[in-house]
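Beneath this line is the structure, given in structure tokens, with notes to follow.
The values are calculated or read from the model by the stated rules, or taken from the named source; none is laboratory data. Predicted model, so just to flag it, every value in this text is computed and none were measured. Neighbour counts are summed over all protein chains in view; Cβ atoms, including those assigned to glycine, are modelled from backbone coordinates with ideal geometry.
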Amino acid sequence: DVYGMDDIARVDVLLGPASTIFGGHALGGVINIVSTPARRNDLRASVEAGSWNSYTASVSVTRVFGDHGLRLTARHGASDGHVPQSDFRSTRVQAAYDWHISPSWKLAARARYAPSLYDDPTRVGDPAGLGTYADIRRGMGQLIAENTGEQLRGSSQVFFNAGSHAFYDGFESTDQSLGASTYQQYTVSRALSVATGGEILHYGGQANLDDVEHLLTTAGAYAVGMYSPVSFLHVRAGLRYQQHSLGLRDLAPHFGLSVTPLPGLRVYGSMQSGFRHPTLRELYLFPSSNSSLDAERSRGYEAGAEFVFPRGSIRAAVYQTDAEDMITTVPLPVPPPPVRFENALDETLRGAEARLRYHLLPTLQLQVAWSTLDPGSLTAFNPSQQFKYMLQSAWGPLSLSAAGQYVQGLHAGNNSTLPMPDYHVLDLTAAWRFTQIEVYVKGRNILDRRYSILPGYTAPGAHIFAGVRYAMD
């Protein structure tokens, strides 16, 4: 895990195709990670231990020197795993630097390095004494310039990401990516603003299967307009053009409309586009690869409503996603190889979801979410029903939470193959804060449900973790 959660301010989860702004690999959604700025002195440390000889320890120090801020973070974790040959060891070190050049300009740098050792529970024996299944080392860095003005604001960055992978069976590979991106939003008037951006990414890798370095480049640009002619009407429209060195070209339009007919009530509808370029593995590695693959593409439609009231909110939506040219393995009439990657699946997915947030008491909050999905033939890891709930409470220094999830109709393969059992998992957390110290206990799967999300791989039963966090601002 290169990112970790030690310096994360928030994690934005965007559901549905989102390639207009986020480009490739936003076929069905986006996870956007926002880092915490290094702008105040603090010291944070934590230790956690629990089942299967699992433990993590971390420390983070932030110092501010005038207009400059520096943060250093280190974390190490290990576990013997809940089944044989599922142990791991991982370390992560991070550095962050912020420079407030002026009220309008800020320069930031981020760097992370994460070496890890993992075993594989499906590996049978180890007669040669080769040890752990995988030795993975990854690092990344970013240099970001942010501008903030009365009418124009945005950011530009250069970034890199690199990794090496060595497996017990002798397979080794490396990969790297280098890119630059920019985003600017211009406020034309109180009713109209326009955002434009673009990026270029050069990436590739090499494996000891063929000892050939494969290098690819993709670049794109987009523009999005946001217009509110009256206070209760909001319109959003945009378009992206993307080009790939494989000869692939994509247009990703977006349109959204929301209306607030009553105080607290918002009704909305949107059309979004997504695409995903084939990976190096699908293009070049192993006998099943296919260098003639096209991009996967999707078009999503959603309509819903949200009502916010004094003690909470309720939201409901229906959606449809049309997926085209999905990459899957197809049997070959004349092997070898027995299968090959092809753009062989077109499908329509339809679903509905609802969410309720409600303050039962000033110190007690309830969240409930339900979703249903008809994935057509794309049943792999797309359960037909999900129900999630969370109850959170706080009384002075004591906080308690219960979170549960019920999953029905899960398959590990497409076309309703490899059915997995339905399951209900319940987690509990309790924490007590003493000024700068917090002591907590986490119970996971406390009902000790036996279930699997992968064939032959049993998920953890009931287990417990306890830890201490220290924070000094």
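If a residue has to be under 20 Å from residue 35 (Cβ atoms), among the β-branched types (Val, Ile, Thr) and surrounded by fewer than 18 Cβ atoms within 10 Å (Cβ to Cβ) to count, how many in the stretch 63-110 make the cut? Residues in the stretch 63-110 being under 20 Å from residue 35 (Cβ atoms), among the β-branched types (Val, Ile, Thr) and surrounded by fewer than 18 Cβ atoms within 10 Å (Cβ to Cβ): 4 in total. Just checking, does the stretch 438-454 include any residue being farther than 24 Å from residue 53 by Cβ and either within 26 Å of the chain's Cα centre (by Cα) or assigned to a strand (DSSP E or B) (or both)? No; the residues of the stretch 438-454 include none that is farther than 24 Å from residue 53 by Cβ and either within 26 Å of the chain's Cα centre (by Cα) or assigned to a strand (DSSP E or B) (or both). The number of residues in the stretch 246-279 being within 12 Å of residue 295 (Cα to Cα) and either in contact with a Pro (Cβ under 6 Å, 6 or more places away or on another chain) or not aliphatic (A, V, I, L, M) (or both) comes to 9.
Across the stretch 382-401, the number of residues qualifying as over 22 Å from residue 420 (Cα atoms) and of a type in the set (D, E, K, R) comes to 0.
Scanning the stretch 188-206 for residues that are more than 26 Å from the chain's Cα centre (by Cα) and surrounded by 11 or more Cβ atoms within 10 Å (Cβ to Cβ) yields 188, 191, 192, 193, 194.
Restricting to the stretch 402-419, what's the tally of residues that are hydroxyl-bearing (Ser, Thr, Tyr) and either under 21 Å from residue 436 (Cα atoms) or assigned to a loop (DSSP other than H, G, I, E, B) (or both)? Matching residues across the stretch 402-419 total 2.
Every condition in (1) over 26 Å from the mean Cα position of the chain (by Cα); (2) modelled with pLDDT under 95 holds for residue 359 except the one numbered (2). Residue check: residue 237 meets all listed conditions (1) part of a strand (DSSP E or B); (2) of a type outside the set (Ser, Thr, Tyr); (3) modelled with pLDDT under 95 but one, namely (3). Looking only at the stretch 366-401, residues that are over 27 Å from residue 318 (Cβ atoms), touching a Phe, Trp or Tyr at 6+ places or on another chain (Cβ under 9 Å) and buried (at least 16 other Cβ atoms within 10 Å of the Cβ) come to 1 in all. Of all residues assigned to the stretch 187-196, at least one qualifies as being hydrophobic (A, V, I, L, M, F, W, C) and assigned to a loop (DSSP other than H, G, I, E, B). Take the conditions more than 20 Å from residue 137 (Cβ to Cβ) and part of a strand (DSSP E or B) and apply them to residue 100. Does it pass? The answer is yes for residue 100. In the set 287, 261, only one residue is in a strand (DSSP E or B), surrounded by fewer than 17 Cβ atoms within 10 Å (Cβ to Cβ) and not basic (Lys, Arg); that residue is 261.
Taking interchain pairs and intrachain pairs at least six residues apart, which have beta carbon atoms under 7 angstrom, with the first residue in the stretch 389-400 and more than 27 Å from residue 371 (Cβ to Cβ) and the second among the hydrophobic types (A, V, I, L, M, F, W, C) and surrounded by fewer than 16 Cβ atoms within 10 Å (Cβ to Cβ)? Cβ pairs passing all conditions: 397/432; 397/434; 398/432. Number of residues in the stretch 460-473 that are in a loop (DSSP other than H, G, I, E, B) and at pLDDT 90 or above: the value is 3.
Remark: residue 109 falls outside the filter, which requires a residue to be over 28 Å from residue 460 (Cβ atoms), among the small types (Gly, Ala, Ser), at pLDDT below 95 and within 25 Å of the chain's Cα centre (by Cα).
Going through (1) farther than 20 Å from residue 416 by Cβ; (2) surrounded by 15 or more Cβ atoms within 10 Å (Cβ to Cβ) one by one, residue 321 falls short only on (1). From the list 422, 448, the one residue that fits, being touching a residue at least 12 places away in the same chain (Cβ under 8 Å), under 30 Å from residue 348 (Cβ atoms) and either charged (D, E, K, R) or touching a Gly at 6+ places or on another chain (Cβ under 6 Å) (or both), is 422.
Scanning the stretch 10-61 for residues that are exposed (fewer than 15 other Cβ atoms within 10 Å of the Cβ), polar (S, T, N, Q) and touching a residue at least 24 places away in the same chain (Cβ under 8 Å) yields 41, 53. Give me the residue from the stretch 264-284 that is in a loop (DSSP other than H, G, I, E, B) and touching a residue at least 12 places away in the same chain (Cβ under 8 Å) and, out of that set, nearest to residue 341 (Cα to Cα). The selected residue is 278.
Identify all residues within the stretch 442-473 that are in contact with a Pro (Cβ under 8 Å, 6 or more places away or on another chain) and on the phi > 0 side of the Ramachandran plot; write none if there are none. Once the filter is applied, which keeps residues that are in contact with a Pro (Cβ under 8 Å, 6 or more places away or on another chain) and on the phi > 0 side of the Ramachandran plot, the stretch 442-473 yields only 445.
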